[in-house]
Each structure stands twice: as structure tokens, then as C-alpha cells.
Amino acid sequence: MKTGLGLTKKTRFFMNVINVPFQIRKSKIFCISMQRNGTTSVGNFLRDHGFRVARWSDSRHNNWSYKWQLGDYEAIFNSIAFKSFQAYEDDPWWLPDFYRVLNYRFPKSKFILFHRDSDIWFNSMMRYSDGKTLGNTHRHCRVYRRLTEYYTRLEMDTLFKPTENEIDNLMVIDENLREHYKQVYDEYNKEAIDYFRKYGPNKIFVSRLEDKKKWIKLGKFLKIDVKSGYE
């Protein structure tokens, strides 16, 4: 038997769905913010306002990032899991240049990009995995342009045994790499913003993560009501 609390949550969700404008309900919504930029909070916001959201666990379960790595995009898009969601946060949506594919594959889609001070972002990257590369080492090195170091380790270090798709955290992120990571981060954000400025200025919402009014502004972008003080 469902509890009163559960029924309330379910009822509230469907009321939120009804309040989503029809044209938005027909759109795919992709959060393309790089990791450690509030992607989970974006997913929570979309869920709280009536969208069916694919989270990191859904991506992990369906190996979407690995399929991105293989270049097998249609295996992602044609999957039952992908088709069952309207909004998507975390990887693989922010992975290099994937927003270009998404924009053309889903021409009515909307995009969300949060960014913040690059030093604060890098500090978060170092803390998150205790100074180790986040997630799968090969994929991380591809994203953050460390493949030369990766393949040197692979050739020279017999104890270095990276996996194809597992979370293995095999390399280090430290202060020596701060400027390198910041460059990758800043270039990604600038390039994504410039791309949509040219090819879809009305399709993307861009905000600083530190902006206290970001949720109200995102609600206006998506044409949904957001209560004052939403956190």
C-alpha cells in the first residue's frame, strides 16, 4: 500500500508534468555542463518540475559513455532507456563535441550549460576522487587531453592496467596539472557557448553556477513556474 507521503510525491510530480508547456514536453533537454558543475542539481531541478530525467546511474547501467567512446551514437539514441526519458544530465552529454551531434539529431532540443570559476572547478575535481582521475582512466584522458601520458604509461609500466569501461581511477590529478585542466575547461565552455550563439542562440541556457537566481532564470527559459526560494 502506498503511503500518504508517496502519494503526495507522485501527485505532485504529475501536477508538475501538466504544468510543463506542450512545446517543452515535446523537446529533449540536455545538460551539457562539464562534470563538477552542478549536473546533479540540474537533474533534481528538472525532476522536481515534472521532467523524466536520466541520471548518471541510468547512463552507467546502459553504458552510454562507453558507446559514445566507440562512436556508436545510434545505439544510445535507439535504446528503450534513452527513449523513455525527456531530460538528461551528467555524461555522456557533456563529452567533447557531443552537443553538436545532439543538436542535429534532435533539432527541437534544449541545452543547459552551467559553468564557474575554473580554479574552484579544478579544486572540486581534485577533491572528488582523492586526487585521482575521475571515472574510467582512458576516457578521462581522452576528454582532458592526457592521451600521450596515458599511452606512455601503458607502454612503460607493466603495473598500469586500465580497463575499457570500468571506474578505475588509475592516474593522478594534482597541482602540476591545474593550468592544463583549466585550459581544457575554459575552452570547452567558450566553444559550446560560441557554437550555440551561431547555430541555436534560443536553444541554450547559460549561467554561472554561483548565480543565486539561476533556477528562476532556468524556469523562464523552459517556460515553467519556479517557486521563489527554490534550492
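Take the residues in region 74-111 that are part of a loop (DSSP other than H, G, I, E, B) and of a type in the set (Phe, Trp, Tyr), then tell me which one is farthest from Asn202 (Cα to Cα). Working first, answer last.
Residues of region 74-111 that are part of a loop (DSSP other than H, G, I, E, B), as a first pass: 78-79, 84-86, 89-97, 106-109.
Among the residues that remain, those that are also of a type in the set (Phe, Trp, Tyr) are: 85, 93-94, 106.
On the way: Phe85: 22, Trp93: 19, Trp94: 19, Phe106: 14 Å.
Result: Phe85.
Collect the residues in region 164-189 that are of a type in the set (S, T, N, Q) and more than 22 Å from the chain's Cα centre (by Cα), keeping them in residue-number order. I'd like the intermediate steps shown before the answer.
Restricting attention to region 164-189, the residues satisfying the condition of being of a type in the set (S, T, N, Q) are 165, 169, 176, 183, 189.
Within region 164-189, Asn176 is the sole residue that qualifies.
Suppose we keep only residues that are hydroxyl-bearing (Ser, Thr, Tyr) and touching a residue at least 24 places away in the same chain (Cβ under 8 Å) within region 84-123. Which one would you say is surrounded by the fewest Cβ atoms within 10 Å (Cβ to Cβ)?
Initially, region 84-123 is screened for residues hydroxyl-bearing (Ser, Thr, Tyr), giving 84, 88, 99, 104, 109, 118.
Imposing the further condition that a residue be touching a residue at least 24 places away in the same chain (Cβ under 8 Å) reduces the set to 84, 88, 99, 109, 118.
On the way: Ser84: 10, Tyr88: 29, Tyr99: 24, Ser109: 18, Ser118: 17.
Per the stated criteria, the residue is Ser84.
Is there a residue being at pLDDT below 95, in a helix (DSSP H, G or I) and under 24 Å from Trp68 (Cβ atoms) anywhere in region 192-209?
Within region 192-209, none of the residues are at pLDDT below 95, in a helix (DSSP H, G or I) and under 24 Å from Trp68 (Cβ atoms).
If you go through region 124-181 one residue at a time, how many are outside any helix (DSSP H, G or I), within 22 Å of Asn62 (Cβ to Cβ) and open to solvent by 30 Å² or more (accessible area, probe 1.4 Å)? Working first, answer last.
Step one: filter region 124-181 for residues outside any helix (DSSP H, G or I), giving 129-136, 144-146, 157-174.
Subset that is within 22 Å of Asn62 (Cβ to Cβ): 134-136, 162-169.
So of that shortlist, the ones also open to solvent by 30 Å² or more (accessible area, probe 1.4 Å) come out as 162-164, 166-167, 169.
Of the residues in that region, 6 qualify.
Each row is one residue, and each column tells you yes or no for (1) under 22 Å from Lys213 (Cα atoms); (2) in contact with an Asp or Glu (Cβ under 9 Å, 6 or more places away or on another chain); (3) modelled with pLDDT under 95.
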| position | (1), (2), (3) |
| --- | --- |
| Thr39 | yes, yes, no |
| Phe45 | yes, no, no |
| Phe77 | no, no, no |
| Lys83 | no, no, no |
| Pro92 | no, no, no |
| Leu95 | no, no, no |
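Could you say whether any residue in region 190-204 is over 27 Å from Arg146 (Cβ atoms), open to solvent by 20 Å² or more (accessible area, probe 1.4 Å), under 18 Å from the mean Cα position of the chain (by Cα) and of a type in the set (A, V, I, L, M, F, W, C)?
yes
Filter region 39-98 for residues that are among the aromatic types (Phe, Trp, Tyr) and in contact with a Cys (Cβ under 9 Å, 6 or more places away or on another chain); which is nearest to Tyr195 (Cα to Cα)?
Top of the filtered list is Trp94.
Please pick out the residue among Lys223, Lys217, Lys212 that is without any contact (Cβ under 8 Å) to a residue 12 or more places away in the chain and open to solvent by 50 Å² or more (accessible area, probe 1.4 Å).
Details: Lys223 fails: without any contact (Cβ under 8 Å) to a residue 12 or more places away in the chain; Lys217 fails: without any contact (Cβ under 8 Å) to a residue 12 or more places away in the chain.
Checking each option against the conditions leaves just Lys212.
I want to confirm something. Restricting to region 52-83 and keeping residues that are small (Gly, Ala, Ser) and touching a residue at least 24 places away in the same chain (Cβ under 8 Å), which single residue is surrounded by the fewest Cβ atoms within 10 Å (Cβ to Cβ)? If you could, list the steps in order and put the result at the bottom.
Filtering region 52-83 down to residues small (Gly, Ala, Ser) leaves 54, 57, 59, 65, 71, 75, 79, 81.
Cutting the leftovers down to touching a residue at least 24 places away in the same chain (Cβ under 8 Å) gives us 54, 59, 65, 81.
Values: Ala54: 23, Ser59: 23, Ser65: 23, Ala81: 13.
Looking at residues that are small (Gly, Ala, Ser) and touching a residue at least 24 places away in the same chain (Cβ under 8 Å), I get Ala81.
Spot the failing condition for Lys161; the list is (1) without any contact (Cβ under 8 Å) to a residue 24 or more places away in the chain; (2) under 18 Å from the mean Cα position of the chain (by Cα), and only one is missed.
With (1) without any contact (Cβ under 8 Å) to a residue 24 or more places away in the chain; (2) under 18 Å from the mean Cα position of the chain (by Cα) applied to Lys161, the lone miss is (2).
Scan (1) part of a helix (DSSP H, G or I); (2) closer than 22 Å to Pro107 by Cβ for the single condition Tyr66 breaks and write down its number.
(2)
Residue check: is Asp130 in contact (Cβ under 8 Å) with a residue 60 or more places away in the chain, closer than 24 Å to Asp174 by Cβ and of a type in the set (Asp, Glu)? Lay out the reasoning, then the answer.
Numbers: in contact (Cβ under 8 Å) with a residue 60 or more places away in the chain: no; closer than 24 Å to Asp174 by Cβ: yes; of a type in the set (Asp, Glu): yes.
Taking the combined requirement at face value, the residue does not satisfy it.
Quick test of your reading of the structure: Ile24 fulfils all but one of (1) within 28 Å of Lys190 (Cα to Cα); (2) modelled with pLDDT under 95; (3) open to solvent by 70 Å² or more (accessible area, probe 1.4 Å). Name the failing condition by number.
Exception for Ile24: condition (3).
The values are calculated or read from the model by the stated rules, or taken from the named source; none is laboratory data. Only a predicted model underlies this, so the values are computations on that prediction, with no experimental measurement involved. Reconstructed Cβ throughout: ideal geometry from the backbone, glycine too, with neighbour counts over all protein chains shown. In case anyone asks, the SASA skips ligands and DNA or RNA and just uses the protein heavy atoms, side chains included. Shrake-Rupley method; radii C 1.70, N 1.55, O 1.52, S 1.80 Å.
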